[in-house]
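This report refers to the structure that appears directly beneath it.
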Amino acid sequence: MSRVLCGELEKHVGAPVTVKGWVHRIRSLGQVRFIIVRDRSGLAQAVLSGELARSPHLSCETAVSVTGNVVEAPNVPGGCEIQATGVVVESAPVSSIPFEVNLPEITAGLEKILEHRVVSLRHPKSRAVFKVQAEAIEGFRRFLRANDFIEVHTPKIVASGTEGGAELFSVDYFGKPAYLAQSPQFYKQMLVGAGFERVFEVAPAYRAEEHNTSRHLNEFISLDLEMGFIDGLEDLLSLEERLFQYMFAHIRETCGKELAMFGAELPQVTTIPRLKLSEIETILRREYGKALPNGNLDPEGERLICQYVEKEAGTPFVFATHYPVTSRPVYAMPDPESPDLTLSFDLLFKGLEMNSGGMRINDYHQLVGNMGRFGLDPDSFAGYLEVFKYGMPRHGGFAIGAERLTARILELGNIREASLFPRDRERLTP
Ligand code: AMO
């Protein structure tokens, strides 16, 4: 008999079915045993009586296959249950588990939850996080494809860093020094200039961050895009507005159940307020007596400016633009009107930076000159620089951290909860 999903049982009232899944809960009532089976779609109750009720190998989290007739049962969630005629244990029986996964919440601490990830993911709420993440990424892909972007895959073993700083993991590449890519930055730009014009990539990025915080991972999924022949920063900001409108609409449409589990409401994305960093500085000083550290937003600044914008404009989003040259990477385009600033931006959502982006330098000589100012040797970047000699258009792009986005949508306390197998300072397994 072909398998029926637990979540679709009600379509089979009056018919014989087989469900397969894990034993979620067992309850005995006199001579009768009730088992709740959990599969990827949800839960279904099966009633075992007679010989079946005495089946010795049934325990929570054992994989089973239950056959029987579906009958109406008004008091059971879903309105029906299976009168079992056969139960097959499909795995070795489970004698104990590190923590319960059949309560509304897992009661273990985050360390234990991550240490036993395959068990914690059995909890429907833990898995719901990754449904939302998958649909956010699907929305990202669909929107960009519909806007004539092509998906690309660039190397993750690379010869140099792209984002400045020392946050590089070294790799021994057949005796030559190499690194894990901090971002696809240089390659996405090269591909714009190579003729694709519009590219995007969904791939891991690696940062040897010293930070052990609730917002940093050492490996994260970067949702990158890059676009040629743009006129200015505004093109990128309005592209991102439309992208978020699409992504949030897609998540709303596909993840109603999952959002409800977290009590999460997705905001409508309208016009996102745009504030220069200098304006943010003024607002924070005036409203909260808060001074920003050296031309950048610190976590408290991100939180406060979002709080302010929420109050004034009723949206959890804000673009922070025009960061100083000193706080952006070598490729960032200086603002022709104020050369100490860059045509760059971050998107903040609910108090946290979601993405960075901006216009890039597209003039070969300007870029080589900037490398000098950043103490970089242009000869080491010959592979990147080549495209700038052969007709590189004005271009720009941005990158969204998938785990940060998921964590903020669902208001998770720690970014690790939005990573299947997080990599942090302490964690290399599972
Ligand atoms: P940036 O370094 O700001 O920009 O990274 C872009 C976005 O990626 C996410 N992110 C992280 N998420 C989790 N853990 C980390 N350690 C981490 N580091 C970054 C954040 C961040 O906003 N090349 C540029 C992008 C561009 O200009 O196109 C870049 O990588 O959400």
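Counting only C-alpha contacts under 8 Å and six or more residues apart, can you give the relative contact order of the chain as a whole percent?
13 percent
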Furthest towards positive pole of dipole, 63, 46, 74, structure part region 6-91, Cβ charges: 63
Shape category assigned to region 149-212 from the gyration tensor of Cα positions, a/c cut at 1.5: prolate
Least to most buried among 259, 236, 103, 341 (fewest other Cβ within 10 Å first): 103, 259, 341, 236
Mean separation of Cα contacts under 8 Å (6+ apart) over length of region 1-98, as relative contact order %: 28 percent
Of 20/131; 156/311; 112/350; 156/389, those spanning more than 32 Å from alpha-carbon to alpha-carbon: 156/311
For residue 100, distant residues with modelled amide H under 5 Å away: 107
Centroid-to-centroid separation of region 29-55 and region 279-349 [C-alpha atoms, Å]: 57 Å
Contour minus Cα-Cα distance for residue 83 and residue 12 (0.36 nm per residue): 24.3 nm
Region 165-302 - charge dipole about Cα centre, Lys and Arg +1 at Cβ, Asp and Glu -1, debye rounded to 20: 60 debye
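Relative to the present Cα-Cα distance, how much length would full extension add between residue 311 and residue 151 at 0.36 nm per residue of separation? Provide the component values of the computation, followed by the final result.
Details: separation 160, 0.36 × 160 = 57.60 nm, distance 3.80 nm.
Stretched fully, the residue 311-residue 151 segment lengthens by 53.8 nm.
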Amide H partners (placed H, <5 Å) of residue 25, local residues excluded: 36
P(r), alpha carbons of region 6-91 - 5 Å bins starting at zero, rounded %: 3, 16, 30, 29, 16, 5, 0
Sum of -39500 (n - 2.57) over DSSP H runs of 4+, divided by residues of the chain (222 nm, nearest 500): -8500 deg cm²/dmol
For peptides 73-86, 305-318, 374-387, sequence by mean Cβ density within 10 Å, most packed first: 305-318, 73-86, 374-387
Segments 30-39, 49-58 sorted - mean Cβ within 10 Å per residue, highest first: 30-39, 49-58
Charge dipole (debye, nearest 20) of region 124-418; +1 at Cβ of Lys and Arg, -1 at Cβ of Asp and Glu: 560 debye
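No value in this document is a laboratory result; all are computed from the given coordinates. Being a predicted model, the structure only gives us computed values, none of them experimental. Positions of Cβ are generated from backbone atoms using ideal geometry, with glycine treated the same way; all protein chains shown enter the neighbour counts.
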